[in-house]
1. When you scan segment 17-27, do you find a residue that is surrounded by 15 or more Cβ atoms within 10 Å (Cβ to Cβ) and part of a helix (DSSP H, G or I), even just one?
2. Has segment 86-93 got at least one residue that is among the polar types (S, T, N, Q) and either over 27 Å from L148 (Cβ atoms) or assigned to a helix (DSSP H, G or I) (or both)?
3. Working only within segment 327-367, note down all residues that are crowded, with 20+ Cβ neighbours inside 10 Å and without any contact (Cβ under 8 Å) to a residue 40 or more places away in the chain.
4. Pick from Y226, Y260: which is closer than 30 Å to S431 by Cα, among the aromatic types (F, W, Y) and surrounded by 13 or more Cβ atoms within 10 Å (Cβ to Cβ)?
5. L48 passes all but one of (1) open to solvent by less than 40 Å² (accessible area, probe 1.4 Å); (2) among the aliphatic types (A, V, I, L, M); (3) more than 60 Å from the chain's Cα centre (by Cα); which number fails?
6. Return the residue satisfying two criteria in turn: it lies in segment 177-217 and is of a type in the set (A, V, I, L, M) and outside any helix (DSSP H, G or I), and of such residues it is farthest from G233 (Cα to Cα).
7. Which one is surrounded by the fewest Cβ atoms within 10 Å (Cβ to Cβ) among residues in segment 426-442 that are not polar (S, T, N, Q) and not in a helix (DSSP H, G or I)?
8. In this structure, is N205 of a type outside the set (F, W, Y), over 19 Å from the mean Cα position of the chain (by Cα), farther than 23 Å from L295 by Cα and open to solvent by 40 Å² or more (accessible area, probe 1.4 Å)?
Amino acid sequence: MKSLYSKFVIITLLMMFCSSMIAFVIANIHYQAILKPYNDEKNTDVALNVASFLQNNPDINMTAYFHNLAETGYQVYIVSEKDEVQTFGAPFRNHEIRDDIKEQVLNGKIYHGIANFPHSIFIVGFFANELKNSIGVPLQWNGEQYALFMRPNIKFLFNEFRIFLSWLLLLMIIFSVIMVIISTKFLVTPIAKLTDATKSLAKGNFAVEIDYTRKDEIGNLTRNFYDMAKKLGQLDSMRKEFISNISHDIQSPLANIEGYTSLLEKDTLTNEQKEQYIQIIKGETKRLSNLTKQLLLLASLDQQEDLLNKRHYSLTTQLKDLIRQYYWILEEKEIMLTFSLPPSHINGDRVLLEAVWDNLLNNAIKYNKIGGTIDIKIEQSEASMKVIFQDTGVGMTKEELEHIFDRFYRADTSRTRSVEGTGLGLAIVHSIVQMHGGTISVNSVKGEGTTFIIELPVDD
């Protein structure tokens, strides 16, 4: 298979060849339609002026005059009534001409040989050194009738120009080919480097080094590829971190369950100890169950299953019920929760949206400070409804904000072992909000707090 480089060179050269042929055909048509009649008319005027000058100066030496005329770049062929022929200047390659044409010119008619020269694919009429490709005019001199045939000596007029034109054409072709090869190399080299980068990426090396400073389409492609490789690298890092986190989150409760189950087998345990161990096992089991549900929910969202079961329900009631469920932990962390929830109804999937509010409130508590505050409110307009969760927690940096909806991502990695979580919650929130045709935005200041704004369309 030919490389892109060779294909580009061949196609460019073919385009140059085709363009030259088209230009040549157009030039030929222009010559046949416009230049050849103009050339015939111009040379007819010259021949008539020559004949008129001789007729008005009978004392001039005609032979010497035509010699001088030939020196200026004309070919002359004169036929007398007695069929005597005189030629001046460069000889015609073909001096045959019909006798009836000679008779017509001797009888006073003008012969337009240039205009009537046979058409050809190539522009040969202008260069054909033939007697029939000339202008014939009648000439009277010293009482005798002549037929004067003239045409410019193309070889005389264009010999040096023809050499110049030949060299110009040759050099133009040579330099065109060289520039095509160089320019093609310039265009194809970034693509070749991009190909090497894709091979490196396929091997799992996401830290590709590639120049993306070009401002053209190839530069845009390279820049997009670099961004893609960077994001894939980030995703790979988050995936590895997720595996580490999820392994810990699964292994830790399993180890606890195994340990406390072994303790329950002892006969020396009191009823109070047994009840305590059973409650711990139940808690760890619930923890594993919640983790599994999150993973299954995210997998379902990824598969674009028909999960939405929309119905009209009270959003205010749903949020108040959710707040009641977290009263105990709010009191435990001494967090003050305020809310402004005017009567509001929404058309949506109650179960999925409950997962959204639960994740947001859980995060607001989890990452808040002891004695902090949380504010939840609903703002409704004719077209949409906003649900706002604002806390005074640890906040996030701009870099962390760019990735909070990436699955497996957990901000403040230094606390990933002390704060429970898998980095899936906000990814689930984002997917559910999008499924409802809404948007989610985040404002956060490191050390001051975070505000989540969910805007959902109001369906009639």
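1. In the first step, residues of segment 17-27 are kept if they are surrounded by 15 or more Cβ atoms within 10 Å (Cβ to Cβ); the result is none.
No, segment 17-27 contains no residue that is surrounded by 15 or more Cβ atoms within 10 Å (Cβ to Cβ) and part of a helix (DSSP H, G or I).
2. Initially, segment 86-93 is screened for residues among the polar types (S, T, N, Q), giving 86-87.
When the remaining residues are screened for being either over 27 Å from L148 (Cβ atoms) or assigned to a helix (DSSP H, G or I) (or both), the result is none.
No, because not a single residue in segment 86-93 is among the polar types (S, T, N, Q) and either over 27 Å from L148 (Cβ atoms) or assigned to a helix (DSSP H, G or I) (or both).
3. I335, W357, L361
4. Y226
5. Among (1) open to solvent by less than 40 Å² (accessible area, probe 1.4 Å); (2) among the aliphatic types (A, V, I, L, M); (3) more than 60 Å from the chain's Cα centre (by Cα), the lone unmet condition for L48 is (1).
6. I210
7. My answer is G437.
8. yes
The values are calculated or read from the model by the stated rules, or taken from the named source; none is laboratory data. Owing to the predicted nature of the structure, the values given are computational and were not obtained by experimental measurement. Note that we place each Cβ from the backbone using ideal geometry, even for glycine, and neighbour counts take in every protein chain shown. Quick note on the areas: whole protein, heavy atoms, side chains included, nothing else; ligands and nucleic acids left out. Shrake-Rupley method; radii C 1.70, N 1.55, O 1.52, S 1.80 Å.
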